[in-house]
1. For the range 11-45, which positions are surrounded by 12 or more Cβ atoms within 10 Å (Cβ to Cβ), assigned to a strand (DSSP E or B) and either at pLDDT 55 or above or among the hydroxyl-bearing types (S, T, Y) (or both)?
2. Listed residues L152, L114, L138; which is farther than 15 Å from F213 by Cβ and in a strand (DSSP E or B)?
3. Any idea how many residues of the range 72-99 are over 26 Å from G154 (Cβ atoms), hydrophobic (A, V, I, L, M, F, W, C) and modelled with pLDDT of 90 or more?
4. For the range 265-301, enumerate the residues that are within 35 Å of the chain's Cα centre (by Cα), part of a helix (DSSP H, G or I) and over 30 Å from I222 (Cβ atoms).
5. Can you pull out every residue in the range 46-70 that is in a helix (DSSP H, G or I) and either modelled with pLDDT under 80 or surrounded by 14 or more Cβ atoms within 10 Å (Cβ to Cβ) (or both)?
6. Return the residue satisfying two criteria in turn: it lies in the range 241-256 and is small (G, A, S) and without any contact (Cβ under 8 Å) to a residue 12 or more places away in the chain, and of such residues it is surrounded by the fewest Cβ atoms within 10 Å (Cβ to Cβ).
7. Against the definition (surrounded by 11 or more Cβ atoms within 10 Å (Cβ to Cβ), of a type in the set (K, R), over 16 Å from the mean Cα position of the chain (by Cα) and not assigned by TED's automatic domain parsing to the domain that holds K174), how does R103 come out, yes or no?
8. Please give the number of the condition A199 fails out of (1) within 28 Å of G285 (Cβ to Cβ); (2) exposed (fewer than 12 other Cβ atoms within 10 Å of the Cβ).
Amino acid sequence: MCIAEKKPAGENVVSLTSATGGGYSETSAGTIEAMLPQVSSERRDELHKMFALWIVRRRRPLKIFETDTELRDIFDYIFRGAYKPPSYKLVTQKILDLSAEARIRTQAEIAAVLADGVLVSIAGDIWSEGGISLFGILAYWIDVDFNLQERLLGAIPFSDVRHTGSEILTATKKACAVLGLGVYDDNSDTVKDFVHCTASDSASNIVSGWEEFDGHECNCHILALCVLVYLKSYGVKEVFKKLRGMTTHFSHNIIGVKLLHSCQEKNDLAQTCPPKDNDTRTGWGGAFKQSAWYRVQQHTT
């Protein structure tokens, strides 16, 4: 084992002192640097892209490499200074680069589908949260191997746009035309001829905006609305109110949780607590998971 000791400034040598023998030899700093990991500019760019993709897919903060000092220490230890993770500005640029590359691939795929005489269908919805609004448009089709293919046509900023049918239609046609689904400009509008059909929720704005396309309301949304009506019906809503109350009890009462786990152990069940119902006004996934838990745990509770 050797310990590298830096000489005073101005001396281009490093003293390698044996941790066991006590002797040392003089080695140039350049030799030591050559022993460290090397990262070419091409490899550095690929690493930047990989980390940008990881940040997006895993929903990590864009400034994670600037704010997470422990993560930076890990990189410094692995690469010994040969590679620095991307800054917030560089991460943002790499995400935009990846988006541009994906757009080119999608254009080529759609062109190939159209060349085979197949029209794509589109689905869309507007998502709003925390003052941010996006209009997402998805293209989908069945390929020659009978597999469902889905590609994102656009995630369009809609925070400063009125959510009217006309605005939705304009944004839709622009997104389609950019990726090769027809032409949409001041002189021509052929997008409709390249879209097989549409699917959306029951919101009046998107229904009216897409009325010139052949389409329908999403069956999943319709079924979800049916479930919401059922959950609010007499005799059912009272049950779910009780379930939410018991869940709140177990989330605050330590003694209650200990008793619950004791009963679960006696019945050979996993020692878990009921999941919280965090559903929104139009969602019921949380209520479903919560009721499923109580169905399994009904004897223990």
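The values are calculated or read from the model by the stated rules, or taken from the named source; none is laboratory data. Here the structure is a predicted model, which means the values were calculated and not measured. Cβ atoms come from the backbone with ideal geometry, glycine included; neighbour counts cover every protein chain shown.
1. Of everything in the range 11-45, those that are surrounded by 12 or more Cβ atoms within 10 Å (Cβ to Cβ), assigned to a strand (DSSP E or B) and either at pLDDT 55 or above or among the hydroxyl-bearing types (S, T, Y) (or both) turn out to be S15, T17, S18, Y24, T27.
2. None of the other options fit; the residue is L152.
3. Qualifying residue count for the region: 1.
4. Residues satisfying the conditions do not exist here.
5. L47, H48, K49, F51, A52, I55, V56, I64, F65, E66
6. G245
7. yes
8. (2)
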